[in-house]
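What follows is one structure encoded as structure tokens, with my remarks underneath.
The values are calculated or read from the model by the stated rules, or taken from the named source; none is laboratory data. Since the model is a prediction, treat every value here as computed from it, not as a measurement. Cβ sites come from the backbone with ideal geometry, for glycine too, and all protein chains shown count toward neighbours.
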Amino acid sequence: MKQLRHLTPLFLAIFLSSTISIVAQNRTVLAEAERISGDKFGFVVRTPMGAAVYGVKRPSAKVLAAVDSGLTDLFAIGRKNKYKKRLSYSDYTIYIANADRTKNIDGNYSPDIAVDAAQYAGSIYDKGGYIYASGMIVALNPCAFLIAEHTKEFTRISEVVRYEGEHLVLYHNDRQRYSETADHSKGGGHPILN
Ligand SMILES: [Zn+2]
């Protein structure tokens, strides 16, 4: 506590309460990620660039590098579109859930998570109350999303990170465009930003 010695008690109280609220906020998001995926995230690490990654297993260096690469692409395209908010690695939390399938309907490698159909019920995506998704937003603020665990083809991780991140960058920088592109059951996919 040596470095806090010069802080006034009031400042210290504010500092501690905001730290506690961030912890509470993160716990709420973690609980939501666990509810959506049905998984328990026993590991949390930072990527070399500073994003938080939760995993059912300990995420490998290759996975973390792929996450950073996807965020780098996202921030570049965000800046190109004159967006300024939430373009820092530390703004993002990524949950890596167990894949509920590893091949898509065409037989290609595609680790996906099964999530409640919700607004996709009755659409072409509906597999009987659930849909397969490569990624899923967990929280808009703080920025958090789920992806499925990959055992190969890690560039796919970069792509999913960039694509899910698009929704979050739009939410914080262009609310109208966010609303127009958030729900893929009405058509439209990724990339949204070019
Ligand atoms: Zn999307």
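Odds and ends about this structure:
- A single entry from R156, R177 fulfils the requirement of being among the basic types (K, R), away from the ligand (no atom under 14 Å from the Cβ) and assigned to a helix (DSSP H, G or I): R156.
- Residue in the stretch 129-137 that is closer than 19 Å to K57 by Cα, at pLDDT 95 or above and within 16 Å of the ligand (Cβ to nearest atom) present: no
- Residue among D68, D73 that alone is under 13 Å from N194 (Cα atoms), of a type in the set (D, E) and modelled with pLDDT of 95 or more: D73
- Any strands (runs of 3 or more DSSP E) falling wholly within the stretch 36-149 and containing at least 1 residues that are within 16 Å of the chain's Cα centre (by Cα) and buried (at least 19 other Cβ atoms within 10 Å of the Cβ): 52-55, 92-97, 109-116, 130-133, 135-139, 143-148
- In summary, N141 fulfils each of the numbered conditions (1) within 23 Å of A33 (Cβ to Cβ); (2) within 12 Å of the ligand (Cβ to nearest atom) with the single exception of condition (2).
- Residue within the stretch 153-160 that is within 19 Å of the chain's Cα centre (by Cα) and within 21 Å of E34 (Cα to Cα) present: yes
- Number of the condition not met by V63 [criteria: (1) within 16 Å of the ligand (Cβ to nearest atom); (2) touching a residue at least 60 places away in the same chain (Cβ under 8 Å)]: (1)
- Top-ranked residue of the stretch 159-174 - restricted to ones that are near the ligand (Cβ under 10 Å from one of its atoms) and among the charged types (D, E, K, R), ranked as farthest from G78 (Cα to Cα): E164
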